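*Asks:* This structure is in structure tokens; I'll ask about it shortly.
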Amino acid sequence: CKISIDILRQHAEVRALLQLDNDKGDSSIKVFNELQLKTNLEGLPFGFHGILDNVVVDYNSKTLFINDLKTLGKSIQDFPDSVEYYKYWIQAVIYVILAKKEFAIEKDWNIQVTFIVIDKYNQVYPYQVSSATLTKWESDFERIVTIAKWHYENKRYDLPYELALGNVKL
């Protein structure tokens, strides 16, 4: 991981995202690394937890930055496929939920999620998630939580949700 941090420090855009050059005296910006968070949400019999790689809270601009470091065994341009394959988008939504609750983020705040990717050639690219994409992921996540809640409450793990409900017909 030290090699990864050294590589990141060489990229001005990434340094800015991580606030690596931030003046320590600026009280309007708070930077957190490897932030472990847990939360329970009303109406759910289970909670969420995660370790967020880097969170920057900018109180002046009312912006919450969530930066997640990813290393990739492929080329940098293959990362978008990995987001879907490994379901990184679910992780991103959970991190947003955790950070919003931890820092009491209101609706008027901007949320910026960035996957900072280092590939097998040590190329670095900050993949920023658009607000439209994040909104779609949050909507898709609601369905996943509904399914997880059903399985948890019914103690039914033998079949996928749609099959367990008997909703699949040929």
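The values are calculated or read from the model by the stated rules, or taken from the named source; none is laboratory data. As the structure is a computational prediction, the values presented were derived from the model and not from experiment. No Cβ is skipped: glycine too gets one built from the backbone with ideal geometry, and neighbour counts run over all protein chains shown. Just so you know, the surface numbers come from the protein's heavy atoms only, side chains and all, with ligands and any DNA or RNA stripped out. Shrake-Rupley method; radii C 1.70, N 1.55, O 1.52, S 1.80 Å.
*Asks:* For the range 108-158, how many residues meet the condition of being within 24 Å of I76 (Cβ to Cβ) and of a type in the set (K, R)?
*Replies:* Going through the range 108-158 one residue at a time, the tally reaches 2.
*Asks:* If I111 passes every condition in (1) open to solvent by 20 Å² or more (accessible area, probe 1.4 Å); (2) part of a helix (DSSP H, G or I) but one, which one does it miss?
*Replies:* (2)
*Asks:* Among the residues of the range 87-102, are any in a loop (DSSP other than H, G, I, E, B) and within 15 Å of the chain's Cα centre (by Cα)?
*Replies:* Yes; the residues of the range 87-102 include at least one that is in a loop (DSSP other than H, G, I, E, B) and within 15 Å of the chain's Cα centre (by Cα).
*Asks:* Name the residue that is least open to solvent (accessible area, probe 1.4 Å), counting only residues in the range 50-76 that are part of a loop (DSSP other than H, G, I, E, B) and under 20 Å from S28 (Cα atoms).
*Replies:* S61
*Asks:* Here is a check on your reading of the model: is K38 farther than 20 Å from I118 by Cβ, modelled with pLDDT of 90 or more, touching a Leu at 6+ places or on another chain (Cβ under 9 Å) and not in a strand (DSSP E or B)?
*Replies:* The answer is no for K38.
*Asks:* Still on this model: Just need a number here: residues in the range 138-170 that are open to solvent by 80 Å² or more (accessible area, probe 1.4 Å) and part of a helix (DSSP H, G or I).
*Replies:* The qualifying residues number 5.
*Asks:* Where residues in the range 77-95 are open to solvent by less than 20 Å² (accessible area, probe 1.4 Å) and touching a strand residue (DSSP E or B) at 6+ places or on another chain (Cβ under 6 Å), which of them is nearest to L134 (Cα to Cα)?
*Replies:* Among those residues, the one meeting the criterion is A92.
*Asks:* Of the numbered conditions (1) open to solvent by 50 Å² or more (accessible area, probe 1.4 Å); (2) free of Cβ contacts under 8 Å to residues at least 40 places away in the same chain, E102 satisfies every one except a single condition; which is it?
*Replies:* (2) is the only condition that E102 fails.
*Asks:* Here's another thing I want to ask about it. When you look at I144, is it more than 15 Å from the chain's Cα centre (by Cα), β-branched (V, I, T), closer than 20 Å to N40 by Cβ and at pLDDT 95 or above, yes or no?
*Replies:* In short, yes.
*Asks:* Looking only at the range 111-141, how many residues end up being charged (D, E, K, R) and modelled with pLDDT of 95 or more?
*Replies:* Within the range 111-141, residues that are charged (D, E, K, R) and modelled with pLDDT of 95 or more number 3.
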